[in-house]
Structures are given as structure tokens and as C-alpha cells.
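Just below is one structure, and these are the notes that go with it.
The values are calculated or read from the model by the stated rules, or taken from the named source; none is laboratory data. Computed from a predicted structure; not experimentally measured. Here the Cβ is made from the backbone with ideal geometry for all residues, glycine too, and neighbour counts use every protein chain on show.
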Amino acid sequence: MIERKPEDVFLDPRLKKLDQEYDSYTPEDFQVWRILYERQYKILAGAASEKFMKGLETIGFSADSIANFEEVNKSLAGVTGWAIQVVPGLIDDDLFFSLLYHKRFPASTWLRKKENLDYLEEPDMFHDAFAHLPLLTDPDYTRFLKDLAAIALKHIDNPLAIDLLSRIYWYTIEFGLIREKGQLRVYGAGILSSAGETKFCLSDEPQHFPYEVEMVLNTPYWKNKFQDRYFIIEDYAALYTSVPLIEEKLAGLLEKGD
């Protein structure tokens, strides 16, 4: 596994000492944040995981103000010890997983424009902040992120391994569902930031399966349309307790691939 001290990760030249530069946000940026926040909050009130909704309160998100990473970091520090690392956009796998391993969640600072409210090819700050950061208040969720990153770093030079592990990340952190009090709820950030997919994933149109590691590892995904299947966990502990099985099944698939 690639071992790095946190300060080594932060000195990576690809990060270029990036900051949020909160004062640079324009009135349009604040308007876009408000539109997206109010629209999603209304939908998610009856669709999102309870821990996500509580997480929004814990880190102080509101429609009135774009997420302030400095303030969010203060809130997270006292709960799970995680923090936000500003990145320019999509980053290389080695840097991405190194940051997660050191309890730093990569987030961009740019916001979509009004004409792109519903779809972007590359995740913007609303996705990274609104949809991802609230669940960083949950210890089980963050432990899974760190442990999954540790596995990825062991195989960082193996494209097949990273592709397979990306399926775990995709169908949990990005597009996962959870059963709470007998009802399906959303915790995946890719759904939480999408008005259309929030409604779609809980409908009878797609297929729903229990979270099962081997099945997820063998299920490809796509990025340009709604998923046709979603995987359901019963609680967040189910994620980090599945890590040993992820390692085992991954090893088996890699052996077959050789």
C-alpha cells in the first residue's frame, strides 16, 4: 500500500495549494445554490436517509449561503475528524484514494450555471458539498471510505482492480440506497444531487437488490443515464463490515483475470 503522511498528500503538486476563495462567488452562484438546495431539500425530506438530513443540520448547510468549507471543517473535526480538500475537479485515482485514506474528502469549488441545473458531465460543488459532505458526520460511513481507499491503494497500479473497486464506490457512496424503518431511503450522493434520479430510484421502474459484494463487483455501471438497478444496505455498519469480503472477492476476480 502507498503510505503517505497527510502533509505529503497536501504537498502533492496536483493540488496546487487550492483554496475555496469564498469571496469570489457571484450573486448568480448564490442564486444557483439556493435554487438547487431548495429543490432538493423539498424532495429529500421524504426520500433521503435520516442521517443525511441530520448531517445537513450538523454542518450548518442552508439555502441562504453557499457551503463554506472552513466552517464545515470545524464541524466535521469535532464529529469524525474528517475535512475537505479543495481540488480543481476530477483527479487521478492515486490522489483521490490517498486523500480518502487520510480522511480528506476532495471537493471542487465551482458551481454550475443556470442553464445546466439538471445535468453536468463533471460533478460540481453542489454535488460534492451538498450531496457528499453531510454523511461525513457518520463514523460508520467514513470508516468505510477510509477502508475502501486502503484497498484501492494496495492495487493502485492495477487498472482492473481499480475498475472493480469503482463499482463498489459507485453503487454505495454515489448511488446507494438504505432501508430505514422499513422504507427505502437514499444515501448515494449521485442520487441526492439529482431531482430526477431521486424520484426514479425509489420507484418501481428500476431493479432493487440487497447489497451483496460479489454481485456489485460483477455489475458495470453507466454515467450518462439513470441506473437500472440499485443496491440496498440495512445500515451503515453493513458497509465497513463488508470490507474484508471486498478484499477476498476482489482477489478472486483478479486471479481469474490474470
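Please go through region 51-79 and give me each residue that is small (Gly, Ala, Ser), farther than 13 Å from Tyr41 by Cα and either free of Cβ contacts under 8 Å to residues at least 24 places away in the same chain or in contact with a helix residue (DSSP H, G or I) (Cβ under 7 Å, 6 or more places away or on another chain) (or both), ordered by number.
Gly60, Ala67, Ser75, Ala77, Gly78 - these are the residues of region 51-79 that are small (Gly, Ala, Ser), farther than 13 Å from Tyr41 by Cα and either free of Cβ contacts under 8 Å to residues at least 24 places away in the same chain or in contact with a helix residue (DSSP H, G or I) (Cβ under 7 Å, 6 or more places away or on another chain) (or both).
When only residues in region 176-197 that are crowded, with 20+ Cβ neighbours inside 10 Å and over 15 Å from the mean Cα position of the chain (by Cα) count, which is modelled with the lowest pLDDT?
Per the criteria, the residue is Glu197.
Across region 19-76, which residue is surrounded by the fewest Cβ atoms within 10 Å (Cβ to Cβ) among those that are of a type in the set (S, T, N, Q) and part of a helix (DSSP H, G or I)?
Ser24
I want to confirm something. Restricting to region 133-161 and keeping residues that are within 14 Å of the chain's Cα centre (by Cα) and without any contact (Cβ under 8 Å) to a residue 60 or more places away in the chain, which single residue is surrounded by the fewest Cβ atoms within 10 Å (Cβ to Cβ)?
Checked region 133-161; the qualifying residue surrounded by the fewest Cβ atoms within 10 Å (Cβ to Cβ) is Lys146.
For Ile232, state whether it is of a type in the set (Val, Ile, Thr), in contact with a helix residue (DSSP H, G or I) (Cβ under 8 Å, 6 or more places away or on another chain) and not in a helix (DSSP H, G or I).
no
Restricting attention to region 229-258, and to residues there that are loosely packed, with under 12 Cβ neighbours inside 10 Å and touching a residue at least 12 places away in the same chain (Cβ under 8 Å), which single residue is nearest to Lys199 (Cα to Cα)?
The qualifying residue nearest to Lys199 (Cα to Cα) is Glu234.
Across region 177-190, what is the number of residues that are in contact with a Phe, Trp or Tyr (Cβ under 7 Å, 6 or more places away or on another chain) and either aromatic (Phe, Trp, Tyr) or free of Cβ contacts under 8 Å to residues at least 60 places away in the same chain (or both)?
Adding up the residues that qualify gives 3.
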